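Participant: The structure under discussion is supplied below as structure tokens; questions concerning it will follow.
The values are calculated or read from the model by the stated rules, or taken from the named source; none is laboratory data. Bear in mind the structure is a predicted one, so any value in this text is a computation, not a measurement. Cβ sites come from the backbone with ideal geometry, for glycine too, and all protein chains shown count toward neighbours.
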Ligand code: TMP
């Protein structure tokens, strides 16, 4: 696992850059990560994009187990360990090799999601989660985390309109297992993320994501440009 100093040296040894996108349901992180990747490519910074849970063959299968609304009886500990298992695979199979090859990796969620959802949301022990995050993350911390913040109501309005437009195209897919949790659960997650942003101010950039896509995209790009400038 190593000390904080060892972890930071480990990170420096990686020539690439690891950027994660976080936030509650409907905050827009998937949209904004995609837009950022497109824009960065045009600027000569091609990025590898991936997601959690998922991003590998094994991880995508774990994702299906985790998010299936049929698994409403999944216990919080099994849930935690499955997220960590998907992460361990993603880091070993994709993230570490890409960073070692000097690439820029953008990841839709990472270990802050576990602290926010399983820690603050489910109420599991935060120290245990920190240890498991370190084990599964294999010492790899993001260089930058973009936290897109909006209210639970705004997030769920967006999710509802997403499902309405999908239904019009004949896609009958409904909310996943996490999205069907009540608003108190999602409120605790938002608070958890805000607490993390205060605690890890050096790494987490908190952005107001309640505005229009173009406006938020501009703020995301400002953060990315600043981080890239700091490394060149
Ligand atoms: P998303 O890709 O649509 O954000 O779906 C992933 C879901 O899994 C979302 O509800 C957040 C949740 N999640 C956790 O609860 N813990 C985790 O560690 C991660 C990565 C995601």
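Residues checked against (1) surrounded by fewer than 21 Cβ atoms within 10 Å (Cβ to Cβ); (2) part of a helix (DSSP H, G or I); (3) within 12 Å of the ligand (Cβ to nearest atom):
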{"site": "44", "(1), (2), (3)": "yes, no, no"}
{"site": "48", "(1), (2), (3)": "yes, no, no"}
{"site": "54", "(1), (2), (3)": "no, no, yes"}
{"site": "60", "(1), (2), (3)": "yes, yes, yes"}
{"site": "73", "(1), (2), (3)": "yes, no, no"}
{"site": "77", "(1), (2), (3)": "yes, yes, no"}
{"site": "82", "(1), (2), (3)": "yes, yes, yes"}
{"site": "85", "(1), (2), (3)": "yes, yes, yes"}
{"site": "93", "(1), (2), (3)": "yes, yes, no"}
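Participant: Okay, moving on. Answer with yes or no whether residue 98 is more than 9 Å from the ligand (Cβ to nearest atom), within 26 Å of residue 45 (Cα to Cα), touching a residue at least 24 places away in the same chain (Cβ under 8 Å) and in a helix (DSSP H, G or I). Give the steps one after another, and end with the answer.
Facilitator: Details: more than 9 Å from the ligand (Cβ to nearest atom): yes; within 26 Å of residue 45 (Cα to Cα): yes; touching a residue at least 24 places away in the same chain (Cβ under 8 Å): yes; in a helix (DSSP H, G or I): yes.
The answer is yes for residue 98.
Participant: Same structure again: Determine if the stretch 128-149 includes at least one residue that is part of a loop (DSSP other than H, G, I, E, B), under 25 Å from residue 69 (Cα atoms), away from the ligand (no atom under 15 Å from the Cβ) and modelled with pLDDT under 95. If you could, list the steps in order and put the result at the bottom.
Facilitator: From the stretch 128-149, those part of a loop (DSSP other than H, G, I, E, B) are 138-143; that's our starting set.
Within this subset, residues satisfying the condition of being under 25 Å from residue 69 (Cα atoms) are none.
No, because not a single residue in the stretch 128-149 is part of a loop (DSSP other than H, G, I, E, B), under 25 Å from residue 69 (Cα atoms), away from the ligand (no atom under 15 Å from the Cβ) and modelled with pLDDT under 95.
Participant: From the list 117, 45, pick out the single residue that is touching a residue at least 12 places away in the same chain (Cβ under 8 Å), closer than 20 Å to residue 203 by Cβ and over 17 Å from the mean Cα position of the chain (by Cα). Don't jump to the end; show me each part of the working.
Facilitator: On the way: 117 fails: over 17 Å from the mean Cα position of the chain (by Cα).
After ruling out the rest, the residue left standing is 45.
Participant: Return the residues of the stretch 151-186 that are under 30 Å from residue 222 (Cα atoms), away from the ligand (no atom under 14 Å from the Cβ) and in contact with a helix residue (DSSP H, G or I) (Cβ under 9 Å, 6 or more places away or on another chain); say none if nothing qualifies.
Facilitator: 151, 153
Participant: Now, a different point. Just to be sure I understand the filter: pairs with C-beta atoms under 6 Å, separated by 6 or more residues or on different chains, first member in the stretch 51-69 and in contact (Cβ under 8 Å) with a residue 60 or more places away in the chain and on the phi < 0 side of the Ramachandran plot, second member surrounded by 20 or more Cβ atoms within 10 Å (Cβ to Cβ) and outside any helix (DSSP H, G or I). Which pairs pass?
Facilitator: If the second residue must be surrounded by 20 or more Cβ atoms within 10 Å (Cβ to Cβ) and outside any helix (DSSP H, G or I), the pairs left are 52/109; 52/110; 66/53.
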